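For reference, the structure discussed in these notes is given below.
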Amino acid sequence: MPAIKVGVMGAANDALPTEERARLAILAERLGGAIAARGCICLTGATTGLPDMVARAARRNGALTIGFSPAISRAEHVDRYRLPEDGAEIIVYTGFGLKGRNVINIRSCDIVIIFGGATGTLNEFTIAYDEGKVIGVLRGSGGIADHIHDVLGFCNKPTTARVFFSSDPEALLDNCLA
């Protein structure tokens, strides 16, 4: 059976509150470690911030990490988007910009984890919800993650998505995997 692909969607550096970085870094380390310990592959938007922290932790713990870049090439990834080139073992240059990259990233995931985040993460959540994905929301991680429960109240479209909530990264991943 192929490894399960866990996508981590969340706050990039520009949406990451400075006063929360240390606490969120601990959660990122735990989530990355859990992804690796369960033999999963970690997918991100090849970005900075929380997804990057999780991917680096997953990689340090032995997981394969794949990043989906909005750029068409390495040069554009680094120069235009100012994204790290060493955050994932494999970077796929989609050339579809930020929103187009999000669709490819989400469709490539078996499980989508929402970790903090702002507008981009909300976009990723709505794509995952629309696509019927298994979605885990890391409660207490700030940003849009702490408002997804309210957002669900406005989602009247039928979906096969399953949404789980937990403030514990390991328990959240285990619930999603089950």
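Every number in this text was worked out from the coordinates using simple rules, so none of it is lab data. These numbers come from a predicted model, not from an experiment. Cβ atoms come from the backbone with ideal geometry, glycine included; neighbour counts cover every protein chain shown.
Under the simplified labelling scheme, the Lys157-Arg107 pair shows an inter-label distance of 1.5 nm, with each label point 7 Å from Cα along Cα→Cβ.
Distance between the 7 Å Cα→Cβ label points at Asp14 and Asn61: 3.0 nm.
Largest GNM mean-square fluctuation across Asn105, Asn156, Asn123, computed for the chain with C-alpha springs under 10 Å, falls on Asn156. The alpha carbon gyration tensor of segment 1-70 gives principal lengths a ≥ b ≥ c with a/c of 1.5 or higher and a/b no greater than b/c, which makes the shape oblate.
Using square roots of five times the C-alpha gyration tensor eigenvalues, list the equivalent-ellipsoid semi-axes of the chain in whole Å, biggest first. Can you show the working numbers first?
Values: eigenvalues 93, 66, 55 Å².
Equivalent-ellipsoid dimensions as semi-axes: 22, 18, 17 Å.
With the highest mean first, a sort of the peptides 37-45, 4-12 on other beta-carbon atoms found within 10 angstrom per residue produces 4-12, 37-45.
Note on the chain: with a GNM built from Cα contacts shorter than 10 Å, the maximum mean-square fluctuation among Pro84, Pro70, Pro158 falls on Pro158. Put a dot 7 Å past the Cα of Glu76, heading toward its Cβ, do the same for Arg21, and the two dots end up 3.0 nm apart. Overall shape of segment 137-178 was characterised from the C-alpha gyration tensor. The equivalent ellipsoid obtained from it has semi-axes of 19, 15, 5 Å, in decreasing order.
Just tell me which aspartates and glutamates come within less than 14 Å, Cα to Cα, of Lys157; anything on the same chain fewer than 8 places away is out. Cross-link targets: Asp130, Glu131. Multiplying the residue separation of Leu177 and Arg139 by 0.36 nm and subtracting their alpha-carbon distance yields 11.9 nm. Considering only Phe68, Phe165, Phe154, the mean-square fluctuation computed in a Gaussian network model of the chain, springs between alpha carbons under 10 angstrom, is largest for Phe154.
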